[in-house]
Amino acid sequence: MTTSPTDQTQQTLVDRFGRVATDLRVSLTDRCNLRCTYCMPPEGLDWMPGDEALTDDEVVRLIGVATGRLGVDEVRFTGGEPLVRRGLVSIIGRTREIAPHAELSITTNALGLAKTAGALAEAGLDRVNVSLDSIRPDTFAQITRRDRLPDVISGLEAAAEAGLGPIKINAVLLRGVNDDQAAELLGWSVERGYELRFIEQMPLDAQHGWSRETMVTADDTLAALSASFDLTPAEEPRGSAPAELFHVDGGPAKVGIIASVTRPFCGDCDRVRLTADGQVRDCLFARSESDLRTPLRAGASDDDLAARWVTAMAGKAAGHGIDDLGFLQPDRPMSAIGG
Ligand code: SF4
């Protein structure tokens, strides 16, 4: 039962440390058309059964609860790979209708974006984050286990043409694979007006192969870039943004460093996640989840769903705890949580 906007009471997704979540990451699927080595095995994973995944109506309803009652003003669609979700354009269009104030973005590997960028922009999408770790076809294929670099590049170009900017590129550096290509990737991105961010690899892969010793750190990346570029910290306040920004050769181009492991930013976290099967994750590294799908399918009202969501956030941990002795990687892999 949905209630009219006027009698909706506004609540916030505040946790016990006073952080307020306003940025909702919605995973629309756990499936992907790439097989990145730092994410999943070559054979892929046992995908979520169809009836466990939220329908388009259910996804839009929960987004409506979050944006209409819980103070969410940013919605990022993720996966797996969100472009493989059949109803994506319609979900974005309906989200735009119910949340005209919200910023809508997507995290994608850009396969297929060349075809859909225009429709996504028309539906109300604001901007895209594209995952790209190398501009060398052989390295790209080595990391993703697919020979699809040209499709990613044409997807980026189509996004620029459709006005889905600022276009951000997320890159992960792997020791001995592409860690010697950081400066090349930055030069390429600056030439095209893309804002590149390097993300430290996190212990979220399905095969649990992550190791701190082999991870390329933010300091490693900055050292590699500084050999070719003059980097100066950007002045603007960072706020809750994950990336530390640096001007490249005096600007206006910038590069970002997302040092999730070595310089965590959990103290200012404003993110909350909804999985493709209707579970709330208060943190990327949460070890427990709160189920919204069951009450939703059992006829719960929006008031009830909102109250459950507020309760789900209250107990959020101070941070990811990767450095804690007892740290345990979440059971749910990155591909089923989303960026
Ligand atoms: S690790 Fe968790 S708490 Fe930290 S920034 Fe990410 S989502 Fe927020």
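What number of residues within segment 103-144 are under 15 Å from GLU81 (Cα atoms) and assigned to a loop (DSSP other than H, G, I, E, B)?
5
Which one is farthest from ASP57 (Cα to Cα), of the residues in segment 298-318 that are charged (D, E, K, R) and without any contact (Cβ under 8 Å) to a residue 40 or more places away in the chain?
Narrowing segment 298-318 to residues charged (D, E, K, R): 302-304, 308, 316.
Subset that is without any contact (Cβ under 8 Å) to a residue 40 or more places away in the chain: 304, 308.
On the way: ASP304: 18, ARG308: 19 Å.
Ranking the candidates gives ARG308 first.
Output the residues belonging to segment 279-297 that are in contact (Cβ under 8 Å) with a residue 60 or more places away in the chain, of a type outside the set (Lys, Arg) and more than 12 Å from the ligand (Cβ to nearest atom).
Residues satisfying the conditions are LEU292, LEU296.
Per-residue answers, yes or no, for (1) among the acidic types (Asp, Glu); (2) open to solvent by 30 Å² or more (accessible area, probe 1.4 Å); (3) in a loop (DSSP other than H, G, I, E, B); (4) within 10 Å of the ligand (Cβ to nearest atom):
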position	(1), (2), (3), (4)
SER260	no, no, yes, yes
PRO264	no, yes, yes, yes
ASP277	yes, no, yes, no
ASP304	yes, yes, no, no
ARG308	no, yes, no, no
THR311	no, yes, no, no
ILE322	no, no, yes, yes
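Could you check VAL216 against (1) away from the ligand (no atom under 13 Å from the Cβ); (2) open to solvent by 40 Å² or more (accessible area, probe 1.4 Å) and say which number it fails?
(2)
Failed condition for SER131, given (1) over 20 Å from GLY79 (Cβ atoms); (2) of a type in the set (S, T, N, Q); (3) open to solvent by 40 Å² or more (accessible area, probe 1.4 Å), with all others met?
(1)
Within segment 224-239, is even one residue modelled with pLDDT under 95, within 30 Å of LEU54 (Cα to Cα) and within 16 Å of the ligand (Cβ to nearest atom)?
Within segment 224-239, not a single residue is modelled with pLDDT under 95, within 30 Å of LEU54 (Cα to Cα) and within 16 Å of the ligand (Cβ to nearest atom).
The values are calculated or read from the model by the stated rules, or taken from the named source; none is laboratory data. Keep in mind that what you see is a predicted model, and the values were worked out from it rather than measured. Because the Cβ atoms are built from the backbone with ideal geometry, glycine has one as well, and the counts that use them run over all protein chains shown. In case anyone asks, the SASA skips ligands and DNA or RNA and just uses the protein heavy atoms, side chains included. Shrake-Rupley method; radii C 1.70, N 1.55, O 1.52, S 1.80 Å.
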